[in-house]
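To keep things clear, I will list the structure first and then write my remarks on it.
Values quoted throughout were computed directly from the atomic coordinates according to the rules given, and no laboratory measurement underlies them. Keep in mind that this is a model prediction, so the values were computed, not measured. Using ideal geometry, Cβ is built from the backbone for each residue, glycine included, and neighbour counts are taken over all protein chains shown.
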Amino acid sequence: MGSRDYMVITNNPLVLDRLKETRHVVYRDISYEEILREVRDRIHEGHTLLSHPLSGSVKPNETPYKSIMISEGKGEVDEASLKLIENAIQACRKFIFKSDLYEAPVYDDFQIIDLTLLESGMASADAG
């Protein structure tokens, strides 16, 4: 798999800034949960989930940023992808929204954490 085989759905402006020239990045200025729902909608269209929607040790709603890799191409609805994203949406709803309690510099840190997790997944996808 190479970079042309997947796209990134994100609400992280740092991901957009760093990757827009080399990757297919779909940026949305929406919440973490809304990113999960957008990915779910694309899975219903036939895309496949390529990175875990709850990757990393930062709980949903503690960070406002999420970047998820999905297949560029479409096929049949992938039931495993659909189950994973639905479970992630349910998990997100269990946590109290905290990211509005942080000082401004913390948001930069959360952007970097999200980008780092994404880059790890992209490295694996690009190598395979």
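For the chain, with the dipole built from +1 on Lys and Arg beta-carbon atoms and -1 on Asp and Glu ones, taken about the Cα centre, which of Y6, Y32, F95 lies farthest toward the positive end?
So the residue furthest toward the plus end is F95.
Enumerate the amide H contacts of Y6 below 5 Å, restricted to partners 5 or more residues apart or on another chain; note that Pro and chain-start residues carry no placed amide H.
Distant-sequence amide H within range of Y6: E72.
By how many nm would the segment from T116 to I96 lengthen if fully extended, with 0.36 nm per residue of separation less the alpha-carbon distance?
Numbers: separation 20, 0.36 × 20 = 7.20 nm, distance 2.44 nm.
Computed gain between T116 and I96 is 4.8 nm.
Please state the charge dipole magnitude for the chain, taken about the Cα centre, from unit charges on C-beta atoms (+1 on K and R, -1 on D and E), reported in debye and rounded to the nearest 20. Provide the component values of the computation, followed by the final result.
Values: 15 positive and 22 negative charges, 44 e Å.
Computed about the Cα centre, the dipole is about 200 debye.
Length gain on complete extension for the stretch H24 to K83, per 0.36 nm per residue less the alpha carbon to alpha carbon distance? Write down the numbers at each step before the final one.
On the way: separation 59, 0.36 × 59 = 21.24 nm, distance 2.45 nm.
Computed gain between H24 and K83 is 18.8 nm.
7 Å from Cα along Cα→Cβ at both A127 and V106: what's the point-to-point distance in nm?
The answer from the label model is 3.4 nm.
In region 14-59, which GluC sites (Glu not before Pro) fall in coil by DSSP and have 11 or fewer other Cβ atoms within 10 Å?
E21, E45
Which far-off residues, 5 or more places away or on another chain, put their amide H under 5 Å from the one on S51, with H placed in the peptide plane?
Correct list: M69.
Could you tell me what fraction of 2.2 N^0.38 Å the Cα radius of gyration of region 45-115 comes to, as a two-decimal ratio? Walk me through the intermediate numbers first.
Values: Rg = 14.0 Å, N = 71, 2.2 N^0.38 = 11.1 Å.
This ratio for region 45-115 stands at 1.26.
Per 0.36 nm of contour for each residue apart, how much would the distance between D41 and E76 grow if the chain were fully extended, relative to their Cα-Cα spacing?
On the way: separation 35, 0.36 × 35 = 12.60 nm, distance 1.34 nm.
Going from the current span to full extension adds 11.3 nm.
Could you run the Debye sum over the Cα atoms of the chain, one equal point scatterer each and no solvent, and tell me log10 of I(q)/I(0) at q = 0.15, 0.17, 0.18, 0.19 Å⁻¹, two decimals?
Reported log10 I(q)/I(0), two decimals: -0.65, -0.84, -0.94, -1.05.
Where the Cα atoms of region 1-60 are projected onto their three principal axes, how long is each span, largest first, in whole Å?
28, 27, 22
Mind giving me the nanometre distance, one decimal, between the label points for K59 and R4, set 7 Å out from Cα along Cα→Cβ?
Going by the 7 Å Cα→Cβ label model, 4.4 nm.
Mind checking region 70-116 for trypsin sites (Lys or Arg not before Pro) that DSSP puts in a loop (not H, G, I, E or B) and that have at most 16 other Cβ atoms within 10 Å? The partial results should precede the final answer.
Details: sites: K74, K83, R93, K94, K98; in loops: K74, K98.
When the trypsin sites (Lys or Arg not before Pro) of region 70-116 are filtered for loop state and at most 16 Cβ neighbours within 10 Å, K74, K98 remain.
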